[in-house]
Amino acid sequence: MKILILCTGNSCRSQMAEGVLKALHPQAEVFSAGTKPEKEVNPHAVRAMAEMGIDISHHKPDHVDRYVGMTFDYVITVCDHAKEVCPIFTGEVKYRLHIPFEDPADARGTDVEVMLVYRKVRDSIKDAFENFKM
């Protein structure tokens, strides 16, 4: 099973989804990428995932163009922007899914308030992919 998760910046939602899917389905090949990748994975996303025992601190944002033309069982967009601007994949893609999540990078407030948003999004991602049938 080969899965590509797409987002805009590839620094929060898609990285958390990649981490969750790898933890839930260790036999799967899971990748994530962005249409406008950031320079690094958001540290709040790293912290939120570490709280549930998943280490994404070594992940690096990647550009979606790297994966165009490859074969995937699933290409999953996790934000509306990525769905709208996602390039046409010239490789074989069996299933294209759109499972949108709130962007935790938009959270404002104290560190405690921001982390509450990241945890909420992380838990939504976990819930969505725990029920994901491959």
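The values are calculated or read from the model by the stated rules, or taken from the named source; none is laboratory data. Model, not experiment: these values are computed from the prediction. Glycine also receives a Cβ, built like all others from the backbone with ideal geometry; neighbour counts cover every protein chain displayed.
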Legend entry - Search result, residues across region 69-123 that are among the acidic types (D, E), surrounded by fewer than 17 Cβ atoms within 10 Å (Cβ to Cβ) and either modelled with pLDDT of 90 or more or under 15 Å from T35 (Cα atoms) (or both): D73, D80, E84, E102, D106, D111, E113, D123
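Just for region 24-40: of the residues that are within 16 Å of H58 (Cα to Cα) and in contact with a Gly (Cβ under 8 Å, 6 or more places away or on another chain), which one is surrounded by the fewest Cβ atoms within 10 Å (Cβ to Cβ)? Write out each step before concluding.
Of all residues in region 24-40, those within 16 Å of H58 (Cα to Cα) come to 30-33, 37-40.
Checking which are in contact with a Gly (Cβ under 8 Å, 6 or more places away or on another chain) leaves us with 37-38.
Working: P37: 21, E38: 17.
Per the criteria, the residue is E38.
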Legend entry - Hey, H59 at pLDDT 95 or above and either under 18 Å from S11 (Cβ atoms) or assigned to a helix (DSSP H, G or I) (or both) or not: yes
Inset, instruction - Determine if region 7-15 includes at least one residue that is closer than 21 Å to N131 by Cα and at pLDDT below 95. - result: yes
Inset, instruction - Return the residue satisfying two criteria in turn: it lies in region 41-56 and is of a type in the set (A, V, I, L, M) and in a loop (DSSP other than H, G, I, E, B), and of such residues it is surrounded by the most Cβ atoms within 10 Å (Cβ to Cβ). - result: V41
Legend entry - Selection within region 5-20 - surrounded by 24 or more Cβ atoms within 10 Å (Cβ to Cβ), within 17 Å of P100 (Cβ to Cβ) and not β-branched (V, I, T): L6, C7, N10, S11, C12, R13, S14, Q15, M16, A17, E18
